[in-house]
1. Out of 152, 101, 106, which single residue is under 16 Å from residue 42 (Cβ atoms) and either assigned to a helix (DSSP H, G or I) or in contact (Cβ under 8 Å) with a residue 12 or more places away in the chain (or both)?
2. In the stretch 57-71, which residue that is surrounded by 15 or more Cβ atoms within 10 Å (Cβ to Cβ) and without any contact (Cβ under 8 Å) to a residue 60 or more places away in the chain is farthest from residue 16 (Cα to Cα)?
3. Hey, among 147, 139, 166, which residue is within 26 Å of residue 101 (Cβ to Cβ) and over 17 Å from the mean Cα position of the chain (by Cα)?
4. Is at least one residue of the stretch 29-36 at pLDDT 90 or above, crowded, with 19+ Cβ neighbours inside 10 Å and assigned to a strand (DSSP E or B)?
5. Just to be sure I understand, how many residues within the stretch 57-84 are within 27 Å of residue 153 (Cα to Cα) and touching a strand residue (DSSP E or B) at 6+ places or on another chain (Cβ under 8 Å)?
6. Looking at 11, 1 in this structure, which one is over 30 Å from residue 166 (Cα atoms), touching a residue at least 60 places away in the same chain (Cβ under 8 Å) and in a loop (DSSP other than H, G, I, E, B)?
7. Exactly one condition in (1) surrounded by 18 or more Cβ atoms within 10 Å (Cβ to Cβ); (2) over 17 Å from the mean Cα position of the chain (by Cα) is false for residue 97; which is it?
C-alpha cells in the first residue's frame, strides 16, 4: 500500500511565533496565506475582501508559488495555489506538498478533499480536545488508493476544479438574484 509520503515531499510553513516583525520600510512585506485564500483557490474565484494579515520581516520565511499544492492542518482541505497568491507567506498551519512521483497536483487535491478512505483516515486521527487539528505525521501516513494513469489523473483533476468553479459561480448568481429581488420588494413595499 502506497502512502502519501511515497509520492510527495512535505514543506512545513514558517512558525508564526518565530517571525520577527520589522518596522523598516526596506524589509520585505508578506501577506499571510489563510483559509479564505484556500477557498478562493479551490473555486478559482477571488473574493473582494482583501483583509489578509501582512507582516514586514527580514526573517527567511516560506512562501508559495503558483501551482503549489497546499494542505490546511486546520480545515483538512487542500488546493493548488492561484497566481494571485504567489509569494504569500504560509505558516505552520499549512503544509506544501511537492509532487515527486507520478501524481498530478490537481488530482492530489481531489484525492485529499474527496476520497472516502482518505477522509476516514483523517477523521480517525484528529488531535486536540477543543481545537481539532491534523498533523504532519498523520498526513504522511495516509494510505493512498491505487492511482489511475497520469492522463486519467489530469482529466479527473481538471473536471474536479471546473466543477467547483461552476458550483461557486452558480451560488454567486443565485445570491445576486436574491439581492436584486429583495431590493425590488423593498421598493414596492415603500
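The values are calculated or read from the model by the stated rules, or taken from the named source; none is laboratory data. Quick caveat: nothing in here was measured; it's all calculated off a predicted structure. Every residue, glycine as well, gets a Cβ built from its backbone with ideal geometry; the counts of neighbours run over all protein chains shown.
1. After ruling out the rest, the residue left standing is 106.
2. Out of the qualifying residues, it is 68.
3. Unique residue meeting the criteria: 147.
4. Yes, the stretch 29-36 contains at least one residue that is at pLDDT 90 or above, crowded, with 19+ Cβ neighbours inside 10 Å and assigned to a strand (DSSP E or B).
5. 15
6. The match here is 1.
7. Among (1) surrounded by 18 or more Cβ atoms within 10 Å (Cβ to Cβ); (2) over 17 Å from the mean Cα position of the chain (by Cα), the lone unmet condition for residue 97 is (2).
Residues are listed down the side, and each one gets a yes or a no for (1) at pLDDT 90 or above; (2) within 22 Å of residue 82 (Cα to Cα):
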position: 104; (1), (2): yes, yes
position: 109; (1), (2): yes, yes
position: 116; (1), (2): yes, no
position: 133; (1), (2): no, no
position: 147; (1), (2): yes, no
position: 169; (1), (2): yes, yes
position: 177; (1), (2): yes, no
